[in-house]
Structure formats: C-alpha cells, structure tokens
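Here's the structure, in structure tokens; my notes come after.
The values are calculated or read from the model by the stated rules, or taken from the named source; none is laboratory data. This is a predicted model, so every value here is computed, not measured. Cβ atoms come from the backbone with ideal geometry, glycine included; neighbour counts cover every protein chain shown. Note: areas computed on protein heavy atoms with side chains; ligands, DNA, RNA excluded. Shrake-Rupley method; radii C 1.70, N 1.55, O 1.52, S 1.80 Å.
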2 protein chains.
Amino acid sequence: MPRVVILRWGHRPQRDARLTSHVALAARAFGAAGLILSDTNDAKIKDSIEKVTKEWGGPFFFKMGIPWKRAVHGWRVRGGLVVHLTAYGENVETSDVMGKIKASGKDVLVIVGCQKVPGEFFSDAVSDFNVAVGNQPHSECASLAVFLDRFFEGKELTRRFENTHLEIIPQVRGKKIANG
Amino acid sequence: MPRVVILRWGHRPQRDARLTSHVALAARAFGAAGLILSDTNDAKIKDSIEKVTKEWGGPFFFKMGIPWKRAVHGWRVRGGLVVHLTAYGENVETSDVMGKIKASGKDVLVIVGCQKVPGEFFSDAVSDFNVAVGNQPHSECASLAVFLDRFFEGKELTRRFENTHLEIIPQVRGKKIANG
C-alpha cells in the first residue's frame, strides 16, 4: 500500500488551531502515515495529536517547522508524487485523475492549503496533480477525508492501529470502549 | 434522489464558528439540501454561508435556533430517517449500515455533534442508525463529507448548482472561474 503524508501549508497559530487539528485527526483516522505542518510551529497541536496517537494508536507522525519547499523537494527526490488539493483542480469524480494517481503506485504527499496558496503550488515544479474534491468552495478537512477514503478505497476504515490503549467497539446503540 | 439535511448540534458561537462553517460548506458541496443549526443562533455563520450560496449557487438552506427535539420529531413525523454520526456507531465500511440507509429510500436527517452529545442521541427515540465513519477519534466535518460522498455515490460532485454567479472550470494547472 503506498504511503500518504499530508503537508499542511499556511497554518496560522491560534486562528487555525482547531481546523488544523481536525485536518490532522482526519489524516490519522483515514490512513495517512503522518502530517507535516510546514513553515511554522504549533506545539499545542502537536501535543494534542500525539496524545491521541498515544492513546488510540498509530503509527502516525506529526512534524512541524519544515519549509514546504524542502519537504516537497525531498519527497520528489525520493520518487514520490505530490498532489495539491484545490477546488480549482481536476474533479476527482468526473476526471481520471484518481485513477492516474493510484496507477502510479507511488507514495503521495498531499498538500492541503489553509489560506490562499502561492501560485506555484499549481505548477509542475511543485505538484504532479491538482485535485478537486468537487469544484465548490469547500473545507480542506472534508476534501482531505474524501480524497483519502477514495485513495484507500475504504480499507483505511478497517485498519487496526498499533499500540492502542483505547479502542472503540462499534455498537448499534450506545458507546463501548475497550481499554488495553 | 433522497433529500439529506444536516442537523448541527452543540454549536458554541465563536469557539466553534470556523468548524461549523466548514461543516456547512461541506454539507452544501457534498449534496445536502440544507443545514439546521439547532438550539442556538449565529448570524455571522448564517450570513457567510448564505453569501456562498448566493455567489456559487444552490439551493441550500441555513436555518438556526430550532430546538433539536422539534427538528427530529418533525422529520420523523414526515417519514424521514435520522442518522447520528458518531465514532461509536456501526462502521460504515465493515457493516451493512449504509446499505440499509440507502435501501430505505427515505430522506435522511444527519445529526452532527460538536461537543459531547446527550446519551439519548444514541437511542431509537432519536436515531434510526448510529453510523461511524471509522471508529477513531475524528473530525465531524471529515465524517460528514465521507458519509455524503458514500451516500450519494460520488454523484454529488458532478451536481450543477442553480443560480450561480461564480463557477470554477476545472483545470489541470492554474485557476479558472467563470462569471455568469
């Protein structure tokens, strides 16, 4: 199974704290190997995500402060694909862009912007594909989740995490948590 | 096509503003008919979502201040299903819960919590199904998006909105917006 890592660009500490937390939680829950918070630091988010991973299992890494150019360059040098999620890109439903990404068999770095992104994100110097999970004004958290669900074809929702201390046992009614 | 409406419960003005906005944007972008912000009012969010709908098209309604019990009761009286999205519920990938919901052919009210929800949300007095988009701590915005993508089987991403003033023309590279 290819490895998927999320690059979160444009995070503004405080203002974007909860959204970036949700992006990171979605990344973990939907099968990504980790998230890079680029160009800035936010120790509070790092702590909260690492706490979730410690309690609910991993592996899932959270790195921060890496310049986006370095992260993208390093990824490409190692032969990985770069996908830029944007409402302006090729529609994941009406085009064959997802098929092409999967057919490559390559690891994928998914760039998830927050504010207006630099124009170069759209260019082939940065992204192999510009992918739109629908061409509507959207939530990057929602787009990322659907992208990962389609990329992993739902298998990510059956994944057993490692080193779990807490685990939900699915129920028709009510709540059940196993402590291990 | 069945009608899907989102009931957003537990919104705290200011604190949850951006997340609820993203939930509403995801609801609109992924095919819901509208969103009910229950038990509270937040005129700022209503304005921003209605502005998006005015510019990018609809139909998509935003109602607020309706007590959740009344909304749920009214929905059930009219023969609709109520789905409670929760990490504790039946896994949408490993169970047949989505199949059952679709097979009913009924309109669906999707309850999306924000903080800890009342225990009765899990009971058959409120919900017909408790659905988990993965049994991991999660983002309600991410869960809602994947739920809708699977419910509408991707067709929601091809929908043409009505009365659009702005429309994105998907591109392999760059941005293109049509003004109409």
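How far is helix B:43-56 tilted, in degrees, relative to the longest principal axis of the Cα atoms in chain B, given as a value from 0 to 90 rounded to the nearest 10?
Rounded to the nearest ten degrees, it is 50.
Which order do peptides B:147-156, B:70-79 fall in by mean Cβ count within 10 Å, highest first?
Output ranking for B:147-156, B:70-79: B:147-156, B:70-79.
How big is chain B on each of its three principal axes, counting only the C-alpha atoms and giving the largest first in Å?
Answer, in whole Å and largest first: 47, 35, 33 Å.
Using the Cβ atoms and a cut-off under 14 Å, what net charge is assigned to the surroundings of B:TRP68, where Lys and Arg are +1 and Asp and Glu are -1?
Local net charge: +3.
Ranked highest first by average number of other Cβ atoms within 10 Å, how do A:158-170, A:105-117 line up?
A:105-117, A:158-170
If Lys and Arg each add +1 and Asp and Glu each add -1, what is the summed charge of the other residues whose beta carbon sits under 12 Å from the beta carbon of B:VAL97?
For residues surrounding B:VAL97, the net value is -1.
Assume the label is 7 Å from Cα along Cα to beta carbon: what separations in nm does B:GLN14 have to the matching positions in the other copies?
Reported distances to equivalent positions: 1.3 nm.
Taking a threshold of 32 Å on the Cα-Cα distance, which of the pairs A:LYS69/A:LYS176; A:LYS176/B:LYS69; A:LYS102/A:LYS176; B:LYS51/B:LYS106; A:LYS63/A:LYS100; A:LYS176/B:LYS155 fall above it?
From the list (A:LYS69/A:LYS176; A:LYS176/B:LYS69; A:LYS102/A:LYS176; B:LYS51/B:LYS106; A:LYS63/A:LYS100; A:LYS176/B:LYS155), the Cα-Cα distance tops 32 Å for A:LYS69/A:LYS176; A:LYS102/A:LYS176; A:LYS176/B:LYS155.
For peptide A:21-30, what's the mean number of Cβ atoms from other chains within 10 Å of each residue's Cβ?
6
Which net charge results when you count Lys and Arg as +1 and Asp and Glu as -1 among the other residues whose beta-carbon is under 12 Å from that of B:ARG15?
Combined, the nearby Lys, Arg, Asp and Glu give +1.
With a probe of 1.4 Å, find how much accessible area the stretch A:7-151 has per residue, and write the answer as a whole number in Å².
Computed with neighbouring chains in place, this is 37 Å² per residue.
Would you mind listing the distances between the B:GLY105 label point and the same position in each other copy? Use 7 Å along Cα-to-C-beta, nm, one decimal, shortest first.
Here the equivalent label points are 4.6 nm apart from this one.
Run the helix sum for chain B: -39,500 (n - 2.57) per DSSP H stretch of 4+ residues, divided by residue count, reported at 222 nm to the nearest 500 deg cm²/dmol.
After summing the helix terms and dividing by residue count, I get -9500 deg cm²/dmol.
Hey, got the average number of other protein chain Cβ atoms within 10 angstrom for residues in A:121-131?
Averaged over the peptide's residues, the number is 2.
Roughly how big is the A-B contact, given as buried accessible area in Å² (both sides, 1.4 Å probe, nearest 100)?
4800 Å²
Express in Å², to the nearest 10, the accessible area of A:TYR88 obtained by rolling a 1.4 Å probe over the protein heavy atoms while all chains stay in place.
50 Å²
Can you list, shortest first and in nm, the gaps between the label point of A:ASN41 and those of its counterparts in the other copies, using a point 7 Å from Cα in the C-beta direction?
Ordered by distance, the counterparts are at 4.5 nm.
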